[in-house]
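> Here you go, one structure.
Please treat every number below as a calculation from the coordinates, not as lab data. Here the structure is a predicted model, which is why all the values come from computation and not from measurement. Cβ atoms come from the backbone with ideal geometry, glycine included; neighbour counts cover every protein chain shown.
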Amino acid sequence: MLKKHLGFLFNLIAICLFVPGIILPMISLSMEMTATLSQSALSSTLLDKELSILATVNELWQDNRFLVAVLIFVFSICVPILKTSLLCCAYFIKDLQLEARILSWLNTIGKWSMADVFVVAVFLAVLSTNHSETSTPQSFSLFGFNMDLLISSQTLSNAGIGFYCFVGYCLLSLLGTQLCQSSLKHRKANSENLVACSG
């Protein structure tokens, strides 16, 4: 029973991390362009924004990228909520057969819930562009003078608090689910042994 209680506790903590994980900024992006001409530099910020999962879904929806918005919404928000709700139901059910059915169905959708880990992986891929810099030198002539122009851009990205909350949710949710399933197997084995002994 200890595993069952621990599994339920881990899932409660996971859902507490899930809420800030989808609301708080997961990543901050900034892009700056610099033009250097005759040792004079002019800088301009092209992009400076923070993105959470909900904000990303909203932006994609407004940009008419409905399929991507729906996929992120379903796999990163709906599936985790459904999964946690089912685990809570399984915790309070006393019937082992019904609990086994719920956890079996949960195991099926658990494969789909790995899509939330995929979302984190995509954000990690974006983070790998940190300090990515490109520069393009150009030469041109103006009134007989040769001038060198250097245009460079720099992309910076940082993980936000939402990123760490979402990663924590993913790990605790997986651990909680594993503990619940392990507890069920143990209790079913004990129940079968009792039936065998009484028979």
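> Arranged from highest to lowest average of other beta-carbon atoms within 10 Å per residue, in what order do the peptides 86-96, 59-69, 14-24 appear?
Answer by packing, highest mean first, reads 14-24, 86-96, 59-69.
> Now for a separate question. List the lysines whose Cα sits under 25 Å from the Cα of Lys185, skipping any in the same chain fewer than 8 residues away.
Within the straight-line cut-off, Lys185 pairs with Lys3, Lys4, Lys83, Lys94, Lys111.
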